[in-house]
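Worksheet: the structure to be examined is printed underneath.
The values are calculated or read from the model by the stated rules, or taken from the named source; none is laboratory data. Because the structure is predicted, anything quoted here is derived from the model rather than measured. So basically every Cβ, Gly included, is an ideal-geometry build from the backbone, and we count neighbours across all protein chains shown.
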Amino acid sequence: MKHNIASPTLAILSFAMLLAGLAPAVHAQDRTTSCSLSTLKGAYSVQGQGTIITQLPGFPAPPFPFAEVAVDFFDGAGNVSGKATVNIDGVVVQATVAGTYTLNSDCTGTLSLETSVGLPVNESFVVLRNGGLRLVDTDPYVVVSRTMEKMRD
């Protein structure tokens, strides 16, 4: 009797193998592409959503939802600034950000921002082939993922 593995099961097994180091690593861009700070330059649209999971001064008791849209400006030399509209558990806040980013030759990097609402934002990211980014927040108080797309210059 022939047994077929359902595709969700196969996907879970593939992910487990990747985590265990038994499958080839997936890179942000193909191996012929190299990134540097100057790879990120100009305006990028941002969309993020997630959940605040730790009690923060002046905020409601967690967990509660978080969503944002923003425009960030990368200078190509490791600096970033921007402005955002953030919805925190139904309360809409306008915010600004400023900080720095690193970008490794394998197109992975980090972003560290200070915000006008007093909360730091620290993220790890990958640069995609189309120049966009996929980001995940690395702060212990939140579970947020973001996407960025290059805007016209």
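Taking the condition of being part of a strand (DSSP E or B), of a type in the set (A, V, I, L, M) and under 19 Å from residue 36 (Cα atoms), how many residues in region 69-112 meet it?
Of all residues in region 69-112, those part of a strand (DSSP E or B) come to 69-75, 79-88, 91-103, 108-112.
Within this subset, residues satisfying the condition of being of a type in the set (A, V, I, L, M) are 69-71, 80, 84, 86, 88, 91-93, 95, 97-98, 103, 111.
Cutting the leftovers down to under 19 Å from residue 36 (Cα atoms) gives us 80, 103, 111.
Counting residues in region 69-112 that are part of a strand (DSSP E or B), of a type in the set (A, V, I, L, M) and under 19 Å from residue 36 (Cα atoms) gives 3.
Answer yes or no: is there a residue in region 28-37 that is buried (at least 16 other Cβ atoms within 10 Å of the Cβ), at pLDDT 95 or above, in contact with a Cys (Cβ under 6 Å, 6 or more places away or on another chain) and not basic (Lys, Arg).
Of region 28-37, the ones buried (at least 16 other Cβ atoms within 10 Å of the Cβ) are 28-29, 35, 37.
Filter once more, keeping what is at pLDDT 95 or above: 35, 37.
Those still in the list that are in contact with a Cys (Cβ under 6 Å, 6 or more places away or on another chain) too: 35.
Going one step further and asking which of them are not basic (Lys, Arg), we end up with 35.
Yes, some residue in region 28-37 is buried (at least 16 other Cβ atoms within 10 Å of the Cβ), at pLDDT 95 or above, in contact with a Cys (Cβ under 6 Å, 6 or more places away or on another chain) and not basic (Lys, Arg).
What's the total number of residues in region 82-101 that are of a type in the set (Ser, Thr, Tyr) and within 14 Å of residue 48 (Cα to Cα)? Don't jump to the end; show me each part of the working.
Filtering region 82-101 for residues of a type in the set (Ser, Thr, Tyr) gives 85, 96, 100-101.
Checking which are within 14 Å of residue 48 (Cα to Cα) leaves us with 85.
Final tally of qualifying residues: 1.
Looking at 66, 15, 74, 59 in this structure, which one is modelled with pLDDT under 95 and within 15 Å of the chain's Cα centre (by Cα)?
The match here is 66.
Pairs, please: C-beta under 8 Å, at least 6 apart or cross-chain, first residue within 20 Å of residue 63 (Cβ to Cβ) and free of Cβ contacts under 8 Å to residues at least 24 places away in the same chain and in region 119-144, second surrounded by 19 or more Cβ atoms within 10 Å (Cβ to Cβ) and among the basic types (Lys, Arg)?
What qualifies is 123/146; 136/146.
Yes or no: region 87-95 includes at least one residue that is surrounded by 17 or more Cβ atoms within 10 Å (Cβ to Cβ), closer than 18 Å to residue 135 by Cα, modelled with pLDDT under 95 and not charged (D, E, K, R).
Looking only at region 87-95, we keep the residues that are surrounded by 17 or more Cβ atoms within 10 Å (Cβ to Cβ), and these are 88, 95.
Restricting the remaining residues to those that are closer than 18 Å to residue 135 by Cα gives none.
Taking every residue of region 87-95 in turn, none turns out to be surrounded by 17 or more Cβ atoms within 10 Å (Cβ to Cβ), closer than 18 Å to residue 135 by Cα, modelled with pLDDT under 95 and not charged (D, E, K, R).
When residues of region 113-145 are filtered for being surrounded by 13 or more Cβ atoms within 10 Å (Cβ to Cβ), charged (D, E, K, R) and farther than 16 Å from residue 74 by Cα, how many remain?
Counting residues in region 113-145 that are surrounded by 13 or more Cβ atoms within 10 Å (Cβ to Cβ), charged (D, E, K, R) and farther than 16 Å from residue 74 by Cα gives 2.
With the requirement that a residue be closer than 22 Å to residue 64 by Cβ and basic (Lys, Arg), what does region 109-153 give you?
146 - this is the single residue of region 109-153 that is closer than 22 Å to residue 64 by Cβ and basic (Lys, Arg).
Conditions first: (1) of a type outside the set (Asp, Glu); (2) buried (at least 18 other Cβ atoms within 10 Å of the Cβ); (3) modelled with pLDDT under 95. Residue 82 passes all but one, so which condition is the exception?
Failed condition: (3).
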